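Below is one structure, written out as structure tokens, with a few remarks after it.
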Amino acid sequence: MIDAAPRMALAAERELEALVGVSSPSGDLEGAEACVALATAFLPTEAQVERVDCSTPGHARDLVGCLRGSGERRLLLLGHLDTVVSHDAHRPVERQGDRLIGSGAVDMKGGVALSLALMRELATRPELYAEVVILLVNDEEWRTAPFGHSERFAGFDACLCFEAGQRTEAGEEAVIVKRKAAATLRVHAHGRAAHSGSAPEMGRSALLALAAVAQLVASRSDPAGPDRLTAVPTILRSGDAFNVVPPAGELLCDLRADRLEAFAPVFDAIPAEHDEVRLEPHMVRAWPGMDSRAATAGVLAAASESLGRPIVAHERGGASDASHIATGGIEVTIDGLGPRGGGAHTPQEWVSAESLRTRAEVTLAVTAALLGA
């Protein structure tokens with residue numbers, strides 16, 4: 001199967017350019033529908049196509065493509081089509097040396113392109129599997145609702161997720177089999193307005209209260225502790241006029257840890273009020289962690305042998321839908337199969353063109369190990 005890597009890489013580069021050419025920030029219906037149309041066109045003709053409800057209400061429906069074969073195993077390929085980049089900041093693909101620069105290139109339209117190329121290769125080998133399904137969602141980048149697809153695929157034998165790939169410091173190919181849990185903490189503050197020049201003492205500043213909460217949250221960060229908890233305030237909004245004590249505001253904090261339970265002490269530490277400003281904390285997003293090291297060790301050993309070079313199990317702090325799938329019933333979940341790159345969520349986001357081939361080789365080796373090819 002590994003011999004198919006150059007063909008997959010060539011097609012993936014072209015399809016990456018097409019997918020990145022569409023601006024598809026999370027929640028934008030027109031952009032999502034355009035990306036779904038492209039992905040549908042890139043699926044093998046043998047695939048049965050279905051649109052299913054997105055986990056997030058109001059978003060475009062997600063895409064499911066299914067191949068059925070005469071084998072025994074069932075495999076899920078997972079990715080997302082939405083990005084964090086606004087329409088105004090969108091960049092189509094521009095090539096600079098080995099770098100394919102463009103919005104969403106590494107997170108994760110490059111990975112989507114590889115997964116679609118893998119679907120086409122598997123369409124020619126139906127004897128290897130009972131079912132191969134690709135699931136492409138439209139709300140991964142800013143989902144606060146529960147993930148809606150775990151139950152449907154809980155009985156599958158394995159899941160491959162195509163978030164960005166990486167190498168170890170020694171230059172070995174790596175895949176992601178461990179991720180931290182992630183949560184977003186939102187705190188609303190309700191104070192009292194007053195003229196900031198003539199009567200500031202009459203006001204109660206939501207801004208100052210939230211600043212105090214931000215310091216409190218940050219003080220709970222313990223990356224060297226047993227749960228490797230990080231608690232990072234990221235957004236503070238308060239005030240509408242320069243000469244008014246701000247009566248309201250909100251604070252957002254990013255929480256990461258090995259266990260979801262590690263976030264509870266941070267939440268519980270926030271007081272009900274600060275200096276007569278009422279505080280309302282909410283967990284608006286909570287994603288589980290993932291640890292499939294034990295379940296995938298044999299697969300990676302077999303894939304490394306067939307590839308002729310190591311495929312190393314690695315860890316990453318960023319959240320991924322692979323975590324939902326892993327905790328939802330598919331123990332053999334392997335993430336980070338996409339191309340290598342960098343600059344995710346920035347105007348400089350890029351994918352290495354060369355890595356489209358090497359990561360296709362990794363993907364094919366892992367797939368062969370899973371399916372016994």
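The values are calculated or read from the model by the stated rules, or taken from the named source; none is laboratory data. Remember, predicted model here, so these are calculated numbers, not experimental data. Virtual Cβ from ideal backbone geometry, glycine too; neighbours counted across all protein chains shown.
Side notes on the structure shown:
- Residue match in the stretch 215-236 (condition: touching an Asp or Glu at 6+ places or on another chain (Cβ under 7 Å), outside any strand (DSSP E or B) and surrounded by 15 or more Cβ atoms within 10 Å (Cβ to Cβ)): yes
- Residue within the stretch 240-248 that is under 28 Å from Arg316 (Cβ atoms) and surrounded by 13 or more Cβ atoms within 10 Å (Cβ to Cβ) present: no
- Hey, Ser26 over 25 Å from Leu364 (Cα atoms) and surrounded by 19 or more Cβ atoms within 10 Å (Cβ to Cβ) or not: yes
- Counted residues, the stretch 320-357 - those being touching a Lys or Arg at 6+ places or on another chain (Cβ under 7 Å), small (Gly, Ala, Ser) and farther than 26 Å from Ala170 by Cβ: 1
- Counted as qualifying within the stretch 244-322 are the strands (runs of 3 or more DSSP E) with 2 or more residues that are in the same structural domain as Ser219 (by TED's automatic domain parsing), namely 248-257, 277-287.
- For the criterion of being within 15 Å of Gln166 (Cα to Cα) and surrounded by 21 or more Cβ atoms within 10 Å (Cβ to Cβ), Val299 fails.
- Residue within the stretch 318-325 that is among the small types (Gly, Ala, Ser), within 24 Å of Val232 (Cα to Cα) and touching an Asp or Glu at 6+ places or on another chain (Cβ under 6 Å) present: yes
- Candidates are the residues of the stretch 29-44 that are in contact (Cβ under 8 Å) with a residue 40 or more places away in the chain and within 30 Å of Gly372 (Cα to Cα); the one that is surrounded by the most Cβ atoms within 10 Å (Cβ to Cβ) is Ala39.
- In the stretch 5-23, the residues that are surrounded by fewer than 20 Cβ atoms within 10 Å (Cβ to Cβ) and part of a helix (DSSP H, G or I): Pro6, Arg7, Leu10, Ala11, Arg14, Glu17, Ala18
- When Asp139, Asp82 are screened for being surrounded by 19 or more Cβ atoms within 10 Å (Cβ to Cβ) and touching a Cys at 6+ places or on another chain (Cβ under 7 Å), only Asp139 passes.
- The listed residue being surrounded by fewer than 17 Cβ atoms within 10 Å (Cβ to Cβ), at positive phi and not β-branched (Val, Ile, Thr), out of Gly197, Gly155, Gly171: Gly171
- Residues satisfying the stated conditions in the stretch 158-180, i.e. of a type in the set (A, V, I, L, M) and modelled with pLDDT under 95: Ala170
- Taken together, Gly329, Gly336, Gly341, Gly289 contain a single residue that is in contact (Cβ under 8 Å) with a residue 60 or more places away in the chain, more than 30 Å from Arg99 (Cβ to Cβ) and buried (at least 16 other Cβ atoms within 10 Å of the Cβ), which is Gly289.
- Taking the criterion of being in contact (Cβ under 8 Å) with a residue 24 or more places away in the chain, farther than 28 Å from Val284 by Cβ and among the acidic types (Asp, Glu), the residues of the stretch 144-182 that qualify are Asp157, Glu172, Glu173.
- Some residue of the stretch 267-277 being on the phi > 0 side of the Ramachandran plot, surrounded by fewer than 17 Cβ atoms within 10 Å (Cβ to Cβ) and in contact (Cβ under 8 Å) with a residue 12 or more places away in the chain: yes
- Residue in the stretch 183-201 that is of a type outside the set (Lys, Arg), in a helix (DSSP H, G or I), out of contact with any Leu (no Cβ under 8 Å at 6 or more places or on another chain) and touching a residue at least 40 places away in the same chain (Cβ under 8 Å) present: yes
- Output for the stretch 200-252, where each listed residue is at negative phi and of a type in the set (Lys, Arg): Arg204, Arg220, Arg237
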